1. Any idea which residue in the stretch 237-259 is nearest to the chain's Cα centre (by Cα), counting only those that are among the hydrophobic types (A, V, I, L, M, F, W, C) and surrounded by 18 or more Cβ atoms within 10 Å (Cβ to Cβ)?
2. Within the bounds of the stretch 118-131, is there any residue that is assigned to a loop (DSSP other than H, G, I, E, B), farther than 23 Å from residue 250 by Cα and under 13 Å from the mean Cα position of the chain (by Cα)?
3. What are the residues in the stretch 94-116 that are crowded, with 24+ Cβ neighbours inside 10 Å and of a type in the set (A, V, I, L, M), if any?
4. Could you list, in sequence order, the residues of the stretch 220-238 that are within 21 Å of residue 107 (Cβ to Cβ) and touching a Pro at 6+ places or on another chain (Cβ under 8 Å)?
5. Just need a number here: residues in the stretch 261-298 that are in a loop (DSSP other than H, G, I, E, B), within 18 Å of the chain's Cα centre (by Cα) and either among the small types (Gly, Ala, Ser) or assigned by TED's automatic domain parsing to the domain that holds residue 88 (or both).
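The values are calculated or read from the model by the stated rules, or taken from the named source; none is laboratory data. Bear in mind the structure is a predicted one, so any value in this text is a computation, not a measurement. Virtual Cβ from ideal backbone geometry, glycine too; neighbours counted across all protein chains shown.
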Amino acid sequence: MNIPAEKNAKKMRYLFILNPVAGVGGRRGFLQMIADACNERKLKFKILFTRSRGDAKRIIEKKFDKYDIFVAVGGDGTMNEVASALAGTTGIMGLIPAGSGNALGRELGISMKPETAVLQLLNGHPISIDTGLVNGRRFMNVCGLGFDDHIARCFAKVVNRGPIPYFKVTLKEFFKYKPSTYTVDLDGKSKSYNAFVMTLANTSQYGNNAFIAPKASLTDGVLDFCALRPFGFFGALRLGFRLFNKTIDQSRFCTYYKTKSLVINGNNLNFHVDGEPVKNSDPLHISIDPLSLNIIVP
């Protein structure tokens with residue numbers, strides 16, 4: 001999608017959408033820093049807080065004609081909500097990562113330090129990136145089934161966020177989880193998988209530099225499919241190493257390929273989008289929406 005020339009020619013108007021639960025949401029000093037940076041450049045801006053799920057979408061719909069760049073300040077949930085509202089429009093997204101994984105921010109080279117991310121935002125430029133679709137829901141990072149989804153559900157109940165709590169939840173649930181069988185329909189052919197994890201990835205990583213799809217690109221017009229069959233405890237140790245050194249696609253437990261669309265059936269079709277669990281029993285129709293989101297990058 002091309003960015004309208006008139007939007008590049010004028011001073012941008014910024015609407016910051018903050019999740020107050022995120023790491024920067026309640027820091028008055030950080031809010032003042034946003035104000036100071038925008039005032040210094042004589043930019044029009046406003047800061048609004050979300051209070052419940054769906055608030056970001058409602059804010060964007062109400063304010064769409066009054067601002068040019070809608071900045072998600074928070075974790076993957078806030079990011080997904082803002083991006084989903086803007087995908088397919090002429091609106092431009094900004095991102096200040098303040099969550100647990102921050103896969104999209106890491107992929108785009110956005111700093112994990114909010115103060116630096118604000119400066120990157122105000123000095124950056126827009127590009128267009130792909131987004132994924134699963135049964136009408138958008139994902140910018142990954143759509144996951146199996147253990148992926150199970151951990152997303154467990155982690156959603158955890159009060160303390162971050163890599164260490166996530167690791168503790170993962171380790172606790174690993175020995176209890178039973179793999180599921182899925183049927184994948186691709187190009188008129190069906191194949192069955194007994195999978196511990198099944199992921200469709202737009203970004204190369206889950207977040208925190210854990211690379212589930214090391215060959216993925218945000219601009220290649222395809223999704224990366226990664227299915228991991230059951231691998232046991234010692235297999236998990238080896239896969240954990242591969243997850244962080246970008247070689248999981250080379251594991252003998254992994255089936256990996258690129259696709260524009262596919263359909264998944266099975267006996268456990270709950271899934272997550274960017275870490276947000278979705279209860280579901282319908283077949284999953286998953287596809288790529290090429291270059292559908294405009295976003296500011298450094």
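1. Kept after step one, since they are among the hydrophobic types (A, V, I, L, M, F, W, C), are these residues of the stretch 237-259: 237, 239, 241, 243-244, 248, 253-254.
If we keep only those that are surrounded by 18 or more Cβ atoms within 10 Å (Cβ to Cβ) too, we end up with 239, 243, 248, 253-254.
Details: 239: 22, 243: 17, 248: 19, 253: 25, 254: 22 Å.
Filtering the stretch 237-259 for residues that are among the hydrophobic types (A, V, I, L, M, F, W, C) and surrounded by 18 or more Cβ atoms within 10 Å (Cβ to Cβ), the one nearest to the chain's Cα centre (by Cα) comes out as 243.
2. Here is the first cut: in the stretch 118-131, the residues assigned to a loop (DSSP other than H, G, I, E, B) are 124.
Filter once more, so that each one left must be farther than 23 Å from residue 250 by Cα: 124.
With the extra rule that they be under 13 Å from the mean Cα position of the chain (by Cα), the set shrinks to none.
No, the conditions are met nowhere in the stretch 118-131.
3. Within the stretch 94-116, 95, 96, 98, 103, 104 qualify.
4. Within the stretch 220-238, just 221 meets the criteria.
5. 1
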